[in-house]
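Heads up: the structure comes next, in structure tokens.
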Amino acid sequence: MSEPNGRGGRPRGADAPGGVRTLERGLSVLWALATLREAPLSQVARAAGLSASTAYRLLETLRQQGFVDWEEASGLFRVGLRAYQVGAAFDAAHALTAAAAPEMRALVAELGESANLAVLRPHGAGLEAAYVHQVEGPQLVRMFTQTGASAPLHASGVGKVLLAARPEAEARRALEATPLTAYTPHTLTTVDAALAAVARVREDGFALDDQERELGVRCVAVPVTGADGQVAAALSVSAPTSRLTPDEVPRFLAAAQAAAARITDRLGHRATPGHRDA
């Protein structure tokens, strides 16, 4: 790709006083291109409020990273596949919470306890479970989790459900890269013990956190399947052990599984007859 001629450009050192400023300009160029759909360099530069030479350098960097495409025959720039993938990730996250929110409210209304939704995300060299939505229960004493907070993979129902959806080798690597902190006497603190618990989740289709993260708190967690048939999230209901007793676990589990199935329906996935999603 040869550099188009541009006029009115500033010296190279003047248009990039720092990394943050360059990033701001790069994002302004990408946004201008998203608005224009496709355009020649001069039009992109004008829409972004930049000189042609500055806009070109930013576009070329974005092109090399896959965020911008350039057609030599027409000289037109377009938004690239990488930018679409970023947007698709946002759409998927928004679709998940939008689908889950009403069903989580119904679940909380049915059980009177707090419900959480968590997804798996990269963390350092490994993975972590991250809460993306919560509906609090009406009880005076209730479980509260801040959106965006992480949950330990080895000591949470959502963590074990999300790990169970991954291949065993990947689950092992994730646990080996995570400090297996002993939060309570019930916490699983070895990789082999945590993997055995994850294997039970694969077999049973749900996870039970029985005071593993916090004494006096019990949690039931189940998988939520996305439109692609893969586990997209984990749905959990948490309560004090005085209310979520062992006898109450089957009722809580059935309600959580029904809510997860409705969320899955909202996301557009239909299980084939005779098939149980992991």
Relative contact order, percent, of the stretch 117-234 when contacts are C-alpha pairs under 8 Å separated by at least 6 residues? 25
Compute the Cα gyration tensor for the stretch 165-253, then decide on rounded, prolate or oblate, letting a ≥ b ≥ c be the square roots of its eigenvalues: rounded whenever a/c is under 1.5, prolate when a/b is larger than b/c in the other cases, and oblate in all that remain. oblate
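Throughout, read-outs are computed from the coordinates displayed, never taken from laboratory work. Computed from a prediction, not measured in an experiment: that's the story for all the values here.
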